């Protein structure tokens, strides 16, 4: 499919042919859901922890005699039913990550790219660079592109001026094509790919 190539000044810089099997596939919400859950699960630290009965400091002496008190029989204050006792079946430190097949991950990235293309929220940039590292300059250029909330993906080394200028814009994200992922693509309103990034993504997904 043919699409226009733009500059950061919102001027046309030619056309590019996007691969139909990457930017024009059927958007499957179930695949997107699986990939996003897989990504977010990997990000969880899993360091939540409560003390179990065996980890509580306290005496193991019997609290009161077994019979004759009218109360339920109990052994030690470390039991879960008593205040200050251990937690029964509480969370433990663990890894929340799970496996997801490579073909499902690749399909998820294709669906994310295709959804942006179908919604008209995908733009192809000639290059992603600035002459000076000024946030005001970048904000004005993005306003002209109607893309205040945007993810910009470039190939290889990112332009240092662009990174510095975008660091003060909370709704602007910049990353190399190696880090392109479903979650960040979906949570930004607009997606901008440089021509070099398109080539790298097509080579990665074919």
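Just so it is clear, none of the values below were taken in a lab; they were calculated from the coordinates. Remember, predicted model here, so these are calculated numbers, not experimental data. For neighbour counting, all protein chains shown are included, and Cβ atoms are generated from backbone atoms with ideal geometry for every residue, glycine included.
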Point to revise | Neighbour-count ranking [beta-carbon atoms within 10 angstrom, fewest first] of 78, 49 | key: 49, 78
Practice item. Sort 146-156, 86-96 for me by packing, meaning the mean count of neighbouring Cβ atoms within 10 Å per residue, highest on top. Key: 146-156, 86-96
Study note, to complete from the structure: Relative to the chain, whose Cα atoms define the longest principal axis, helix 102-119 and its Cα axis are tilted in degrees, nearest 10, by 50 degrees
Review point. Of the beta bridges DSSP finds with both residues in the chain, what % are antiparallel, to the nearest 5?
Key: 20 percent
Exercise for review: Please identify which residues in the range 48-63 have an amide N closer than 14 Å to a label point set 7 Å out from the Cα of residue 76, following the Cα→Cβ vector.
Suggested key: 52-63
Practice item. Could I have the simple spin-label model distance between residue 171 and residue 48, label points 7 Å from Cα toward Cβ, reported in nm to one decimal? Key: 3.2 nm
Point to revise | Residues residue 33 and residue 61, FRET efficiency given R0 of 45 Å [Cβ-Cβ distance, rounded to 0.05] | key: 0.25
Review point. Angle between the Cα long axis of helix 29-43 and the longest principal axis of the chain, 0 to 90 degrees, nearest 10?
Key: 60 degrees
Practice item. Measure out, as a whole number of angstrom, how far apart the alpha-carbon centroids of the range 53-76 and the range 179-206 sit. Key: 62 Å
Review point. Taking the Cα atoms only, what angle lies between the long axis of helix 135-144 and the longest principal axis of the chain, rounded to 10 degrees?
Key: 70 degrees
Review point. Computed from the mean reciprocal separation of all distinct C-alpha pairs, what Kirkwood hydrodynamic radius does the range 1-107 have, in Å?
Key: 20.2 Å
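If I take every Cα pair under 8 Å that is 6 or more residues apart in the range 1-144, average their sequence separation and divide by the length, what percent do I get for the relative contact order?
Normalised by residue count, the contact order of the range 1-144 is 34 percent.
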Exercise for review: Note the direction-averaged projected area, equal to a quarter of the hull surface, for the Cα convex hull of the range 72-191, in nm².
Suggested key: 13.5 nm²
Exercise for review: For the range 50-90, just run the numbers: alpha carbon Rg, then divide by 2.2 N^0.38 Å, N being how many residues it has.
Suggested key: 1.22
Review point. So between residue 178 and residue 148, what do we pick up on full extension, going 0.36 nm a residue minus the alpha carbon distance?
Key: 8.5 nm
Check your understanding: Taking only C-alpha pairs under 8 Å that are 6+ residues apart, what is the relative contact order of the range 50-90 in percent?
Key -> 49 percent
**Study point:** Value of Rg/Rh across the chain [Cα atoms, Kirkwood radius]
**Key:** 1.29
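Once R0 is set to 35 Å, what does the formula 1/(1 + (r/R0)^6) return for the Cβ-Cβ distance between residue 163 and residue 20, expressed as a FRET efficiency to the nearest 0.05?
So the FRET efficiency works out to roughly 0.60.
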Review point. What's the center-to-center distance, using Cα atoms, between the range 1-51 and the range 142-172 in Å?
Key: 16 Å
